[in-house]
Amino acid sequence: MVHVVFYEKPGCRNNTRQKALLEAAGHTVEAHSLLTHPWTTESLLPFFADKPVADWFNKAAPRVKSGEVDPTAATADSALAMMLAEPLLIRRPLIEVAGERCCGFDPEAIDAWIGLGEPEHVGDVETCPNLAKGNPCKHGRD
């Protein structure tokens, strides 16, 4: 099993569930706040690897939901500038294991990478459950 560095939004229900899945698979999880970490372009960019720029964004972020920020119109440079200024825009979690990084929590991809165990039974752990209930988190809690 591996040591996972996990950047989350403290209090996020999905991030809490994702950490529990990693721990249940035998991994140790070192959690950090995505919102207060001192990000730089150089430290943030490697988490996005080969993902399209639009996939770097947290779809539940207030400015994305309102249409003020259009992830499909962003360039890599503009996306990074927005995310450094407002970390709520960053898709979470950000995960690092032994120098390899990723963003988001795709159970099958995580299982192939470090092992998760029965990812097909995990379900959706990225979409905010509060959105489905029509009760999204208040600003600063998304």
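The values are calculated or read from the model by the stated rules, or taken from the named source; none is laboratory data. Here the structure is a predicted model, which is why all the values come from computation and not from measurement. As a convention, Cβ positions derive from the backbone with ideal geometry for all residues, glycine included, and neighbour counts pool all protein chains shown. Heavy atoms of the whole protein, side chains included, go into the accessibility calculation; ligands, DNA and RNA do not. Shrake-Rupley method; radii C 1.70, N 1.55, O 1.52, S 1.80 Å.
Things worth noting here:
- Residues that are within 18 Å of residue 2 (Cβ to Cβ), surrounded by 13 or more Cβ atoms within 10 Å (Cβ to Cβ), in contact (Cβ under 8 Å) with a residue 40 or more places away in the chain and of a type outside the set (Val, Ile, Thr) are absent from region 33-45 altogether.
- Single residue of region 8-21 satisfying the filter (open to solvent by less than 20 Å² (accessible area, probe 1.4 Å) and at pLDDT 95 or above) that is nearest to residue 116 (Cα to Cα): 18
- Any hit, region 86-93, residues being assigned to a loop (DSSP other than H, G, I, E, B), over 21 Å from residue 12 (Cβ atoms) and not hydrophobic (A, V, I, L, M, F, W, C): no
- Within region 57-95, the residues that satisfy the criterion of being of a type in the set (D, E, K, R) and open to solvent by less than 40 Å² (accessible area, probe 1.4 Å) are 86, 92.
- Filtering region 50-70 to residues that are within 20 Å of residue 15 (Cβ to Cβ) and either touching a Lys or Arg at 6+ places or on another chain (Cβ under 8 Å) or free of Cβ contacts under 8 Å to residues at least 12 places away in the same chain (or both) leaves 55, 56, 57, 58, 59, 65.
- Selection from region 96-127 of residues that are open to solvent by less than 30 Å² (accessible area, probe 1.4 Å), in a loop (DSSP other than H, G, I, E, B), within 21 Å of residue 12 (Cα to Cα) and at pLDDT 70 or above: 104, 105, 116
- All of 24, 54 fail the test of being surrounded by 13 or more Cβ atoms within 10 Å (Cβ to Cβ) and within 23 Å of residue 127 (Cβ to Cβ), apart from 54.
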